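Participant: Once you've had a glance at the structure underneath, I'll fire off some questions.
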Amino acid sequence: MAKPLRIGMIGYGFMGRAHSNGYKRVSDFFDLEYTPVLQAVAARDPAKAKEFADRWGYGRVESDWQKLVAAPDIDAIDICTPNNLHAEIAIEAAKHGKAILCEKPLSMDTSEGERMVAAIEKAGVPNMVWYNYRRIPAVTFAKQIIDSGQLGRIFHYRANFLQDWTISADLPQGGAGLWRLDAKAAGSGVTGDLLAHCIDTAIWLNGSVTDVTAMTETFVKERQHQLTGQREPVTIDDACSFLCHFQNGSLGLFESTRYARGHKALYTFEINGENMSLKWDLHDLHRLQVFDYKDAGNMRGWKSIHVTDGDHPYMDKWWVPGLAIGYEHSFVHQVADFLEAYAKKQPAHPTFRDALETQRVCDAVLLSGKSHQWVNV
Ligand code: NAI
Ligand code: SOE
């Protein structure tokens, strides 16, 4: 019988649901030494928290997160709150010796991230950050192909994360649902929210970024704040594009915006090596596009691999070849990988330290956006 890992969840919004689904599904499909137990959820609104707990099967509700991180019946704290609470909760949870799973971006900025890494490493607690796109089978498969060396020397890496939900100048900022527009809650705009995913995947697939030059823009300069009722300056980046060098000598090109009319969550990346190129698109998440220069000349072309076979990453745990899984399964996979690492007392990637590297790139990008200079990471 699997041993319990008792989860204390903080925040019951979008990610609270995505993670809860991951915890609930994982042991049905993966054979693991530990199984998550939905022990308790903490949130400020007791009625809403109770409704969430009842729906998802959490054992009890705590009125504030401080009680949850100190509770003796909790093994792991899952941080699903807006970004400005990640550090405080993680540092406190580390003091209580809890394992910590934290949503992305790790922190509001690099210095806060460094304090978090110092705290969790001092406490020696298991830790992981939810950069879940790594766990989409086609993305993990791209990693396997790249690591096999088949691409040869890498020349280019490019990624986009495009949305369109903040175009209206009437949209308020701050508070429930709109904290992403308020720099005090989010830290930054698209850089920390969307490019952080692209940067995490890029570092994982293509290695470290050495320096960056960026362009940022805030298209709507003032918005009504939901909490104060006042019109206040908008200080997040609405759009951000940057160029970079990777340590392996390749060149990077990244773009993210919430003003690309028609795009809801278009995350794409492409990597070009001397022998092979790979590209992926979140809207067609099961497919990995591959161009292999080693194919016979008259047969060369982009092929589209449907990553659903039993020998593709994670897919032997699901249905029969050809049948699809989706976005939510990336969280199931991340829970499975965390539990496996937890049982073996090994790091679960991306660790807080891995995510700090992404944070450093984000900060360099934001600094370059202001200074209009190249910035070393
Ligand atoms: P959300 O707004 O849907 O939910 C946030 C939750 O935090 C709400 O339940 C809210 O009541 C709670 N909360 C706020 N202040 C609190 C406090 N003081 N104590 C306890 N609970 C508090 O936000 P969402 O979309 O779930 O985002 C949460 C985190 O997840 C963010 O860091 C975000 O960047 C990240 N995220 C990651 C995604 C991914 O792809 N890995 C996708 C969406 C969000
Ligand atoms: C923003 O709309 C958002 O939910 C991000 O916060 C997530 O990290 C991204 O995965 C999807 O878009």
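Values in this text are rule-based calculations from the coordinates and carry no lab data. Please read all numbers here as calculations on a predicted model, not as lab measurements. Don't worry about glycine lacking a Cβ; one is built from the backbone with ideal geometry, like all the others, and counts go over all protein chains shown.
Participant: If each residue's Cβ is checked for other Cβ atoms within 10 Å, how do I74, I305 rank with the fewest at the top? Display every interim value, and only then the final one.
Facilitator: Details: I74 25, I305 17.
If I rank by nearby Cβ atoms, fewest first, I get I305, I74.
Participant: Give the long-range amide H neighbours of V234: residues separated by 5 or more places, or on another chain, with amide H under 5 Å away, using H modelled in the peptide plane at 1.01 Å from N.
Facilitator: Close amide H contacts, sequence-distant or interchain: E222, R223.
Participant: In whole Å, how far is the Cα centre of the range 138-183 from that of the range 264-315?
Facilitator: 18
Participant: Exceeding 18 Å between C-alpha atoms, which entries from my cross-link table qualify? They are K104/K184; K184/K221; K143/K279; K95/K184; K67/K122. Mind showing how you got there, number by number?
Facilitator: Numbers: K104/K184 16 Å; K184/K221 16 Å; K143/K279 12 Å; K95/K184 25 Å; K67/K122 22 Å.
Long pairs (Cα-Cα over 18 Å): K95/K184; K67/K122.
Participant: What fraction of the DSSP beta bridges in the chain is antiparallel, stated in percent and rounded to the nearest 5? Display every interim value, and only then the final one.
Facilitator: Numbers: 43 of 73 bridges.
Looking only at bridges with both residues in the chain, the antiparallel portion is about 60 percent.
Participant: Still on this structure, please answer the following. Can you tell me the relative contact order of the chain? Whole percent, Cα pairs under 8 Å, sequence separation 6 or more.
Facilitator: Once normalised by length, the contact order is 20 percent.
Participant: Continuing with this model, one more query. Using the count of nearby Cβ atoms within 10 Å as a rough guide to exposure, how do D28, D354 rank from fewest to most?
Facilitator: Details: D28 9, D354 20.
By the 10 Å Cβ count, ascending: D28, D354.
Participant: Here's another thing I want to ask about it. For the range 360-377, take each phi angle, set θ = phi - 60°, evaluate the Karplus expression 6.51 cos²θ - 1.76 cosθ + 1.60, and give the result in whole Hz per residue in order, putting x for glycine and proline.
Facilitator: Using θ = phi - 60°, the values come out as 4, 5, 4, 5, 4, 4, 5, 5, 5, x, 7, 7, 6, 10, 5, 10, 6, 7 Hz.
Participant: Could you give each residue of the range 109-122 its phi-based ³J(HN,Hα) in whole Hz, using Karplus coefficients 6.51, -1.76, 1.60 with θ = phi - 60°, and x for Gly or Pro?
Facilitator: 7, 5, 5, 5, x, 5, 5, 5, 4, 4, 5, 6, 6, 4
Participant: Whole-Hz Karplus ³J(HN,Hα) for the range 174-183, in order, using 6.51 cos²θ - 1.76 cosθ + 1.60 and θ = phi - 60°, x for Gly and Pro?
Facilitator: Using θ = phi - 60°, the values come out as x, x, 4, x, 10, 4, 4, 8, 9, 4 Hz.
Participant: Then there is this: Mind listing P(r) for the range 258-327? All alpha-carbon pairs, 5 Å bins, whole percents.
Facilitator: Taking all Cα pairs of the range 258-327, the binned fractions are 3, 15, 19, 18, 18, 14, 9, 4, 0 percent.
Participant: Return the inverse of the average 1/r over all pairs of distinct C-alpha atoms in the chain, which is the Kirkwood hydrodynamic radius, in Å to one decimal.
Facilitator: Details: mean 1/r = 0.0464 Å⁻¹.
Result for the chain stands at 21.5 Å.
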